[in-house]
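Visitor: Let me give you the structure first, and then I'll get to my questions.
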Amino acid sequence: MEITVQWIRTSWTKDSRGGEAATRRNAAPVGFALPSAAAPFVHAIRMHERDGFEPHDTREDLGKADVQLREADGRLRVFPRVQPLFSLPPRPRRPPAVRLVPGQWVRWQLNYRFSSALGIRGWSYWLDTFNIAYGPVNADVFLSEPTVFIDERGPLR
């Protein structure tokens, strides 16, 4: 069965925590039209404050996505991996994996914050949005509302 993954990473520093920069960051899309290529692949999009949150996309191998995908019994089990604990904002226990049937898709969002090892530089942040579809899809599937939405964002302070 076809699996399509779109992985959007938006990254910023304290400079984009408020004002016009935060408005631009918050207006960044959480879904994009897919490039014309045969699944399975990862449509990776990166947006950073240094570029004014302009999207830059690439295609990568499915194994490069920071998400666990497992097919069993006609369903796709989806569970994003999280980065090391020092980068997580406080959040309650992680939700369970999502199991998709053909024709469904999930949007899963996680955020992170990082400090330099010695605390010399300020905090930096990123938001990962995973759009994952199971089964054949059209190019604009991730521009619509997902079948399942998991918001695992925590407070960034």
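Visitor: Go through segment 125-151 and give me each residue that's among the polar types (S, T, N, Q), assigned to a loop (DSSP other than H, G, I, E, B) and more than 17 Å from PRO96 (Cβ to Cβ).
Guide: Within segment 125-151, ASN138, SER144 meet the criteria.
Visitor: If the requirement is being surrounded by 11 or more Cβ atoms within 10 Å (Cβ to Cβ), at pLDDT below 90, farther than 16 Å from GLN6 by Cα and not hydroxyl-bearing (Ser, Thr, Tyr), which of these qualifies: LEU118, LEU88? Full working, then the answer.
Guide: Working: LEU118 fails: surrounded by 11 or more Cβ atoms within 10 Å (Cβ to Cβ).
Only one candidate passes the filter, namely LEU88.
Visitor: Quick check, is ILE8 at pLDDT 90 or above, outside any loop (DSSP other than H, G, I, E, B) and touching a Pro at 6+ places or on another chain (Cβ under 6 Å)?
Guide: When the stated conditions are applied, ILE8 does not pass them.
The values are calculated or read from the model by the stated rules, or taken from the named source; none is laboratory data. Remember, it's a predicted structure, so these values are computed and weren't measured experimentally. Positions of Cβ are generated from backbone atoms using ideal geometry, with glycine treated the same way; all protein chains shown enter the neighbour counts.
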